[in-house]
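Here is the structure we will look at.
Rule-based calculations on the coordinates, nothing more; no lab input. Please read all numbers here as calculations on a predicted model, not as lab measurements. Here the Cβ positions follow ideal geometry from the backbone for every residue, glycine too, while neighbour counts run over all protein chains shown.
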Amino acid sequence: MLVVRERAEVVESNGHIYHSEHLAVSAPSVIKLRRYVKVRFDRRTPLNRRAVFLRDDHSCQYCGQPAENLDHVVPRAQGGGHTWDNVVAACRRCNTRKGGRTPDQAGVSLLRQPHAPRSGWTLATGASPDPTWERYLVG
């Protein structure tokens with residue numbers, strides 16, 4: 001609609017064409033707004049089960065096996081928060097073995113340190129960006 005209403009222009013097209021009774025429009029892959037519009041939003045990806053599993057590639061961060069649970073690295077009972085750098089995917093065996101202890105207390109170690117994701121929208125949706133977007137995406 002932005003292109004049809006001339007509020008944006010097509011920079012890259014994916015090759016498809018949308019037809020109406022009086023109009024044929026290239027399906028845009030990348031558009032450029034004609035006028036800057038400040039959008040107020042929080043760029044952080046919401047912390048949820050699906051996003052953590054995507055970040056951790058559905059594998060246990062203690063042993064590498066397929067994950068089925070979320071684990072708080074520092075248990076909430078010990079003051080750990082429900083934050084990106086304290087939540088990891090874990091298999092049932094490791095999660096049970098670790099229990100309400102820290103990794104040091106339980107004698108286990110993390111394969112990768114947890115962190116907040118950089119590209120929030122792709123992580124939240126599980127989508128891979130269109131290859132034509134590569135040169136327009138930052139970070």
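Would you mind estimating how fast segment 3-50 diffuses translationally, via Stokes-Einstein at 37 °C and 0.692 mPa s with the Kirkwood radius over Cα pairs, in µm²/s?
D, rounded to a whole number, is 244 µm²/s.
Relative contact order (percent) for the chain, with alpha-carbon contacts under 8 angstrom and 6 or more residues of separation?
Contact order relative to length: 20 percent.
Per residue, how much space in cubic angstrom lies within the convex hull of the C-alpha atoms of the chain? The partial results should precede the final answer.
Numbers: hull volume 20.7 nm³, N = 139.
Convex hull volume per residue, Cα atoms: 149 Å³.
Can you order the peptides 27-40, 101-114 by their average number of other Cβ atoms within 10 Å per residue, highest first?
Answer by packing, highest mean first, reads 101-114, 27-40.
If we sort 11-20, 91-100, 56-65 on the protection proxy, mean other Cβ atoms within 10 Å, highest first, what's the order? Please report the intermediate quantities before stating the final value.
Details: 11-20: 11.0, 91-100: 15.5, 56-65: 17.3.
Ranked by mean Cβ neighbours within 10 Å, highest first: 56-65, 91-100, 11-20.
Between beta-carbons, use under 14 Å as the cut-off and find the net charge around Met1, counting Lys and Arg +1, Asp and Glu -1.
For residues surrounding Met1, the net value is +1.
Suppose every Lys and Arg Cβ carries +1 and every Asp and Glu Cβ carries -1, with no other charges. What dipole size does the chain come out with about its Cα centre, to the nearest 20 debye?
The dipole of the chain has a size of about 520 debye.
Per the helix-only calculation at 222 nm, which mean residue ellipticity applies to the chain, given -39500 (n - 2.57) for every DSSP H run of n ≥ 4 and division by its residues, nearest 500 deg cm²/dmol?
-4000 deg cm²/dmol
Let's test this: bin the Cα-Cα distances of segment 49-106 at 10 Å from zero up to the farthest pair and state each bin's percent.
In order of increasing distance, the bins hold 28, 57, 15 percent.
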